[in-house]
Amino acid sequence: MQLNEAFKIVEKNLSGINTELGIKKTEETDSSITFGGEKGVYRLSHDGETNILSFDFAYENNGAETQFNTISRSLFEPERSDERDVKSISNEVRDELEKMFNSKKPVDLDKVKMPKAVSRTKAKNGTVSYDTDSLANRFGVLYPEFKDEIKLNIATYGEFLPETFFTEHGNAKVLDVIQNGTAQEQKKLFKMLGEVFEDGTNEVQDIIAVTILGEMKNDPKMMAVADEYMTEYMSGPVHEVNKITAKKNSYTKKLKNPPAYKPKRNKSFSLTNALGQGK
């Protein structure tokens, strides 16, 4: 199957929901197809090198300046796919459209509350554990300029999705601090991550070791900075993860191809647990 054939099938399968939402095809290139209307705009784009098909959407269509949010990524190899595979992707996109375009656009982020962090004392005593909400809270305290993005993430999905936030926003800040920050900035970053990791749930440990610090991809300079400030407890898993994320393998394919958003379920590929690390 050629990619343009797949796009034709997608367009046909989504014609019903597109009509319902007042959306029509606005653009098609060799690697993407875009649909838009008064309610918003979405596109499917294919990366020929990785064979990753991304589903992106935005509430406002500003042409080339449109700020898309990536909702899901799927592994799609046209030459190995048939109509059933394309229909399956179409069904997933339709499900997401029903959620995204039938929900109200957040207009006042001041009314969206930041996630709460559990008590440091209770976490240290083992009474409770740091969770992903705690990580969001601590990240927002350390970098206040990201509070609106955290709130928008919550307003869009109804809960905080750490993989989406860090992949699209937070990781860029983390990597910048590791590469270009002062010693004090680097120390503060790893102190926060280390505290949450040490007294955190398995899920938040995965987010820190895999989704965030796994993006160092075993770069020698960044790993040297990490080694300067990481706790011994966090160092082992982070090193093991980076040995894997530095290469192309089945683990990294799963990381680059996460499942579509499903409410109230574990949405991350648990590489830390797969390695037998963490709690």
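The values are calculated or read from the model by the stated rules, or taken from the named source; none is laboratory data. For clarity, every value in this text was computed on a predicted model and none was experimentally measured. All Cβ positions, glycine included, derive from the backbone under ideal geometry; neighbour counts span all protein chains shown. The accessibility values were calculated without ligands, DNA or RNA, using every heavy atom of the protein model including side chains. Shrake-Rupley method; radii C 1.70, N 1.55, O 1.52, S 1.80 Å.
Is one or more of the residues making up the range 176-192 surrounded by 15 or more Cβ atoms within 10 Å (Cβ to Cβ), touching a Phe, Trp or Tyr at 6+ places or on another chain (Cβ under 6 Å) and at pLDDT below 95? No, because not a single residue in the range 176-192 is surrounded by 15 or more Cβ atoms within 10 Å (Cβ to Cβ), touching a Phe, Trp or Tyr at 6+ places or on another chain (Cβ under 6 Å) and at pLDDT below 95. Regarding residue 206, is this residue acidic (Asp, Glu), buried (at least 21 other Cβ atoms within 10 Å of the Cβ) and closer than 30 Å to residue 109 by Cα? Answer is yes for this residue.
State yes or no: is residue 22 among the small types (Gly, Ala, Ser), in contact with a helix residue (DSSP H, G or I) (Cβ under 7 Å, 6 or more places away or on another chain) and over 21 Å from residue 5 (Cβ atoms)? No.
Contact map, the range 13-37: first residue under 16 Å from residue 63 (Cβ atoms), second residue open to solvent by 70 Å² or more (accessible area, probe 1.4 Å) and polar (S, T, N, Q), Cβ cut-off under 6 Å, separation 6 or more or different chains; pairs are 34/26; 36/26; 36/61.
If you filter the range 119-156 down to residues that are hydroxyl-bearing (Ser, Thr, Tyr) and loosely packed, with under 14 Cβ neighbours inside 10 Å, you find that the one that is nearest to residue 58 (Cα to Cα) is 119.
Residue 74: over 18 Å from the mean Cα position of the chain (by Cα) and either modelled with pLDDT of 90 or more or among the polar types (S, T, N, Q) (or both), yes or no? No: the conditions fail for residue 74. Regarding residue 39, is this residue surrounded by fewer than 20 Cβ atoms within 10 Å (Cβ to Cβ) and at pLDDT 90 or above? It is false that residue 39 is surrounded by fewer than 20 Cβ atoms within 10 Å (Cβ to Cβ) and at pLDDT 90 or above. Quick one: would you say residue 143 is among the hydroxyl-bearing types (Ser, Thr, Tyr) and touching a residue at least 40 places away in the same chain (Cβ under 8 Å)? No: the conditions fail for residue 143. Looking across the range 234-250, the residues that are surrounded by fewer than 21 Cβ atoms within 10 Å (Cβ to Cβ) and at pLDDT 90 or above come down to 235, 236, 239, 240, 243. If the condition is being within 19 Å of residue 237 (Cβ to Cβ) and without any contact (Cβ under 8 Å) to a residue 40 or more places away in the chain, then the range 167-196 contributes only 191. Taking residues in the range 89-109 that are on the phi < 0 side of the Ramachandran plot, and partners anywhere that are open to solvent by 70 Å² or more (accessible area, probe 1.4 Å) and at pLDDT 90 or above, the pairs with Cβ atoms closer than 7 Å and at least 6 places apart or on different chains are 109/148.
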